[in-house]
Amino acid sequence: MATEPGTQAIDRAAELLVRVVESGRPLAVGELAEHSGLPKSTTSRLVGALERRGLVQRSADRGRLSPGPVLLRFAHRDGGQSLVELAAPVLERLATETRETVNLAVPGPLGAEHLDQRDSEHFVGVTNWVGRRVPQHVGANGKIFMAFAAAPIPTPLARFTSRTITDRAALEAELDRVRARGYATAVDELELGLAAIAAPVRDADDAVVAALSISGPTTRFNAKRRAELVPALLEQARNLSLTLGYEEAV
């Protein structure tokens, strides 16, 4: 019996997804088309559907494909622990040390996706971000993803407050600063009165797969306090990276 068109499309998309997941490196659409024997136009259409669902994601520099945020949530390593489970001790330590809201996020097709959170000990804190997406250009996590080629710069750059960066050249200059210092900041950009700092989390392939962030109200989480907490943030992001198999250059 002939395969129904809908079932055939599912089979083809599943085959492409398996190739992306099992590859040891990000793949180009052309490579997927060649391996699968499908026309490049068909491959591109199926990849688009997988990308919209967060199952694959494109790198910002060359558009190569790697597992998306949905898979990263449930990515397993030795012992069967997910990213959220592996990050839990790091989030606990950072929250205890800083007493501020701490988040774990991964890059998604519609923005930074927040997977886990530890709440501030203060009465005045920030909202629960778990399950929410934040446009890349207005959050510290998103700036990490854009700076280290884990997510593209969105177009257009929507304005949220008077502090939102909506000029591409200005944003690219900001991302240069993020790369130079190794962490990102966002102050009054998504919402007035909200500040955050974030650091990259890398995997065994040296790819940025997540970001660790600290956030709080600007009345308390001011420039001086943010600067004081940067070393702790970088240390815990490094610890999580090492847990994921990242090897520091000697």
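The values are calculated or read from the model by the stated rules, or taken from the named source; none is laboratory data. Just so it is clear, the structure is predicted and the values come from calculations on it, not from any experiment. Note: ideal-geometry Cβ built from the backbone for every residue, glycine included; neighbour counts use all protein chains shown. We work out accessible area using only protein heavy atoms, side chains counted, and drop any ligands, DNA or RNA first. Shrake-Rupley method; radii C 1.70, N 1.55, O 1.52, S 1.80 Å.
Please report the carbon-and-sulfur percent of the accessible area for the chain; probe 1.4 Å, protein heavy atoms only, DNA, RNA and ligands left out. Carbon with sulfur: 52 percent of the solvent-accessible area.
What is region 149-199 by shape, rounded, prolate or oblate, if you read a ≥ b ≥ c off the alpha carbon gyration tensor as root eigenvalues and call it rounded for a/c under 1.5, prolate for a/b larger than b/c, and oblate otherwise? Oblate, because a/c is 1.5 or more while a/b does not exceed b/c. Remark: spin-label model distance V21-K40 equals 2.8 nm, labels positioned 7 Å along the Cα→Cβ axis.
First select every other residue whose beta carbon is under 15 angstrom from the beta carbon of A140; then total the charges, Lys and Arg +1, Asp and Glu -1.
Details: positive: R132, R133, K143, R163, R177, R179, R181, R225, R226; negative: E100, E113, E174, D188, E189, E191.
Overall, the nearby charge balance is +3.
Please identify, among A140, A227, A28, the residue showing maximal mean-square fluctuation in a Gaussian network model of the chain using a 10 angstrom Cα cutoff. For the chain, modelled as a Gaussian network with Cα springs under 10 Å, the answer is A227.
Under a model in which nothing but the beta-carbon of Lys, Arg (+1) and Asp, Glu (-1) is charged, region 133-250 shows a dipole of about 440 debye around its Cα centre. Modelled label positions at A88 and E248, each set 7 Å beyond Cα in the direction of Cβ, lie 2.7 nm from each other. Not counting the cut sites, what is the longest span of the chain without chymotrypsin sites (Phe, Trp or Tyr not before Pro) that DSSP labels loop and that have at most 15 other Cβ atoms within 10 Å? Answer from the scan: 124-250. Entry comment: accessible area of the chain is 50 Å² per residue, from protein heavy atoms only and a probe of 1.4 Å.
Could you estimate the translational diffusion coefficient of the chain from the Stokes-Einstein equation, with Rh from the Kirkwood formula over C-alpha pairs, at 10 °C and 1.306 mPa s, in whole µm²/s? It diffuses with D of about 84 µm²/s by this estimate. Electrostatic tally near R226: other residues with Cβ closer than 13 Å to its Cβ, Lys and Arg +1, Asp and Glu -1, net +1.
With the whole protein complex present, V187 retains an accessible surface near 20 Å², based on a 1.4 Å probe. Taking a sphere under 11 Å around the Cβ of V56 and counting the other residues whose Cβ falls inside, with K and R at +1 and D and E at -1, yields a net charge of +4.
Calculate, in nm to one decimal, what R163 and L110 gain on full extension: separation in residues at 0.36 nm each, minus their alpha carbon distance. Don't skip to the end; give the middle numbers.
On the way: separation 53, 0.36 × 53 = 19.08 nm, distance 2.09 nm.
Once the chain is fully extended between R163 and L110, it gains 17.0 nm.
About its Cα centre, the chain has a charge dipole of approximately 580 debye under the convention of +1 per Lys or Arg Cβ and -1 per Asp or Glu Cβ, with nothing else charged.
Simple rule: put +1 on each Lys or Arg Cβ and -1 on each Asp or Glu Cβ in the chain, find the dipole, and look at F221, A169, F148; the Cα lying farthest toward the positive end is A169.
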